[in-house]
Amino acid sequence: MPEITVHYCNDTKIVKADKEVSLLDVLHKNGFFVESPCNGNGTCAKCRVIVNSSNLSFTREETEVLSEAERMKGVHLSCRLKVTEDMEITLFEKIKGASILTDIRTEQISGDGIIKKYAIKVEEPSIYDQRPDDERVLHRINMLTKAPNESCSETLKSQLKKIPLPVLKELPYIIRQNSYQVTLIEMLSEITGVEGGNTEKKLYGVAVDIGTTTIAAYLFDLNDKKLIAVESMLNPQKKYGADVISRIDYASKSIDNANEITNTIRDALQNVIKKLIYSTGHSLSDIYLTAVVGNTTMIHILLGLPCFNIAVSPFIPVTRYQRILHPEEIGLEINKYGRVLVLPSVSAYIGSDTVAAVLSSGIHLAKDITLIVDIGTNGEIVLGNENEMYACSTAAGPAFEGANILCGTGGIEGAISEVSIINDGELEIKTIGGYKPIGICGSGIVDAVSCMLTIGVVDETGRILDKDELPQDALFFEERLVKVNGQSAFVLADANATMYGDQIIITQQDIREIQNAKAAIAAGIRVLAKEAGYNIQSIKKVYLAGGFGNFMRIESAVNIGLLPKELKNRVYTIGNAAGSGAAFSLLSEKEYSTTCLISGKIKCVELSANPDFVSEYTENMLFDTF
């Protein structure tokens, strides 16, 4: 078997590989993270490595995307290299810190909690009191929870049916080993466990938003509904592709692949919970409830459900209903008496994250017509009020998350996040963390394209003008116009100003990617309004949810036509609305029940079957430069 020597972060590791397997697959199988938004299809050009050999030729795909300077350094696309012999490679060192939106709101969450604890002193049995253990325990619970005028016998009769067999098996030992002082755990009127002594104060829960790109988790004290800690991480499934279709494709190739991608997200969920726990001095056994939201594909993969039908018409998921799981069903290590809430979805592309966003934003209670837009790999859009709600999902593609953009990257340290015009011929760029630029993330791309339109180096069709076509006002930026591999490009950062010594540019193809993405979102908004019978002016509020929506500048989004100009002054950012909704459900039985009502109330509009979508999409491809 060929051996591959991998140099990375001042370390060296030697791994073995089967012949004729792609280098990218070998690196992924051995735990190296190499970005590959296209899942190894050779289209994203992100899986670059340095090969310490002069004998390798370059494929057609490589010559189209790699500059001459890169090829001189020995840079290759790892997905295009087949391992045939021993190799020595160097991986690019990436700055790991990511800017992940974790802001949520949890104020004024009404209703009782889902999980409750009751510390009780059980009456000791005697020859004169021979009631069974379960009846003895339930009598004490009834005395604590009995409603006025409620029949004790009726309560006992209903409660007895809800003590599961595993709890009954433990019951006689626990009550006697703890001098008849025990704590019962109840969830949604079902007793899920019994613990020795008084453990009422030990009751914690975690709300989790599993995004396609990121994972955000929130630790709460369930007794007082207090947020204790927040953790986030990049979704490790990124190595299987930037979008859900790539991941579905990977999972559908074999049972091993399906198990691998499921275990990847389950491990990530466990790891983020461990970070929360260890940072606060608690233990995993302190966690009694976890509420999880995500798009329909992420939830299917987490649950280990086949998801291949989500990717093809007529787009049928296995399920969209809410589920209450035992932790071991998804391999989660929390308290054995705990439960995992998986919130309901609406359809194949309107997931529980959207339902959670509706819940926390309050659209379902609003009098005014309200629009919520969550822009990510897909753009989920909900329009309506307390009377009715319509939703759609637009295939915006991962351009707004840095994928399919030549110099694009995620929201990590060093990513260009803001671009603005400060003087004639001068741009100001800002990066996440203030580091030297390594690439450009979604908010920076929107800013950059907006600036290029304002300057006049891009026309209404999206074409980057040649130098001899520039209007007078744009001549200050003439030196920034270059040709790269035969296509026009605009230089944002010179090579001497960047982290890795490569210039950062926006290419003509990048502009087309942004046009496609913004047209999909804009068309989705307008089609949804038509379907609901509203005009754009009737929309009184626009809520932007999710990381990209909260980090991008509204002015830039409106300038490129991502959002309708009529709504410019009605836009509000609401943080991680999906994470907020997960927290609402974690902390309140009433709010959790409301998610089930919301999922059934939302009317899904399938854009691929809508006759107006193509015309709206085509019209919104253009930039309004006037």
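Does the stretch 3-91 come out rounded, prolate or oblate, given a ≥ b ≥ c as the square roots of the eigenvalues of its C-alpha gyration tensor, rounded meaning a/c under 1.5 and, failing that, prolate meaning a/b above b/c? Taking the square roots of the gyration eigenvalues as a ≥ b ≥ c, the stretch 3-91 is rounded.
For the pair the stretch 175-225 and the stretch 412-431, the centres of their Cα atoms are 47 angstrom apart.
Cα centroids of the stretch 334-361 and the stretch 502-539: 27 Å apart. In straight-distance terms, cross-link reach from residue 568 covers every one of the aspartates and glutamates whose alpha-carbon lies under 12 Å from its own, apart from those fewer than eight places away in the same chain; here that gives 555. Residue-wise HN-Hα couplings along the stretch 31-48, as the Karplus relation 6.51 cos²θ - 1.76 cosθ + 1.60 with θ = phi - 60° gives them from phi, are x, 7, 8, 10, 4, 8, x, 8, 6, x, 8, x, 10, 8, 6, 9, 8, 7 Hz; Gly and Pro carry x.
Gain on full extension, evaluated as 0.36 nm per residue between residue 129 and residue 319 minus their Cα-Cα distance, stands at 63.5 nm. Neighbours of residue 443, meaning other residues whose beta-carbon lies under 14 angstrom from its beta-carbon, give a summed charge of -1 when Lys and Arg score +1 and Asp and Glu score -1. Working note: 222 nm ellipticity from helices only, DSSP H runs with n ≥ 4, each -39,500 (n - 2.57), summed and divided by the residues of the chain, gives -9500 deg cm²/dmol to the nearest 500.
Summarising the amide proton neighbourhood of residue 543: residues at separation of 5 or more, or on other chains, whose placed amide H is nearer than 5 Å comprise 371, 372, 373, 572.
Could you compute the FRET efficiency for residue 257 and residue 224, with r as their C-beta to C-beta distance and R0 at 51 Å, rounded to 0.05?
Here the calculated transfer efficiency is 0.70.
Across the stretch 179-191, rounded Karplus estimates of 3J(HN,Hα) from the backbone phi angles (6.51 cos²θ - 1.76 cosθ + 1.60, θ = phi - 60°) give 6, 6, 9, 9, 10, 9, 10, 10, 9, 6, 6, 10, 6 Hz, Gly and Pro being marked x. Here the contact order of the chain, divided by its residue count and restricted to Cα pairs under 8 Å and six or more residues apart, works out to 14 percent.
Rounding to the nearest 20 debye, state how big the charge dipole of the chain is about its Cα centre with +1 on each Lys and Arg Cβ and -1 on each Asp and Glu Cβ.
My answer is approximately 1720 debye.
Greater than 20 Å separation of Cα atoms is the criterion. Which listed pairs, 46/73; 29/274; 367/540; 367/541, meet it?
Working: 46/73 16 Å; 29/274 24 Å; 367/540 10 Å; 367/541 11 Å.
Exceeds cut-off: 29/274.
In a DSSP loop and with at most 15 other Cβ atoms within 10 Å, the GluC sites (Glu not before Pro) in the stretch 459-494 are 460. Beta bridges from DSSP with both residues in the chain: antiparallel share about 70 percent, rounded to the nearest 5.
Bear in mind these aren't lab numbers, they're just calculated from the coordinates by the rules spelled out. What you see is a predicted model, and the numbers here were worked out from it, not measured in a lab. Because the Cβ atoms are built from the backbone with ideal geometry, glycine has one as well, and the counts that use them run over all protein chains shown.
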